[in-house]
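Report on the following structure.
The values are calculated or read from the model by the stated rules, or taken from the named source; none is laboratory data. Everything numeric in this text was worked out from a predicted model, so none of it was measured. When the accessible area is computed, the model is the full protein with side chains, heavy atoms only, and any ligands, DNA or RNA have been set aside. Shrake-Rupley method; radii C 1.70, N 1.55, O 1.52, S 1.80 Å.
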Amino acid sequence: QVHLVESGGGLVQPGGSLELSCVASESIARMGWYRQAPGKQRGLVGTMLTNDIPIYSDSVKGRFTISRDNAKNMVYLQMHNVNLDDTAVYYCYAAPLTGRPSWGQGTQVTVSS
């Protein structure tokens, strides 16, 4: 499996912005982000294939942006206009075209005034 390390979580005020980063131990086809809020199941934030258009969940579309730096095996999540419902542990996700995915250890994002 691919080793993933996230960074960039923390406390942000409603309406604010935050950026998460994730580095993979090797090149991989699909990278992205999932999140898990307290008492809820882990759900999709967004993912993208190398050099392709990202796909997003409806809850973050228009507010969050996923990008990749393929040379560095990195994926980023830019979060804008955050709200209380964005509070969650955010997990970096990576998967080959066929095969099992890999997960990072998670980074906490807390939206609070």
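Counting only protein chains, not ligands or nucleic acids, how are Thr87, Thr50 ordered by accessible area (probe 1.4 Å), most first?
Values: Thr87 30, Thr50 60 Å².
Putting Thr87, Thr50 in descending order of accessible area: Thr50, Thr87.
Solvent exposure of Tyr34, expressed as accessible area, is near 50 Å², computed with a probe of 1.4 Å over the protein chains only. On full extension, the segment bounded by Thr65 and Ser17 gains 16.2 nm, given 0.36 nm per residue less the C-alpha separation.
Ranking of Leu77, Leu18, Leu97 by solvent-accessible surface, largest first: Leu97, Leu18, Leu77 (1.4 Å probe, protein heavy atoms only, all chains present).
Only Cα pairs under 8 Å and at least 6 apart count here; give the relative contact order of the chain as a rounded whole percent. Each step should come with its number before you reach the end.
Details: 284 pairs, mean separation 42.8, N = 113.
Once normalised by length, the contact order is 38 percent.
Annotation: per residue accessible area for the range 1-92 equals 52 Å², rounded to a whole number [probe 1.4 Å, protein chains only].
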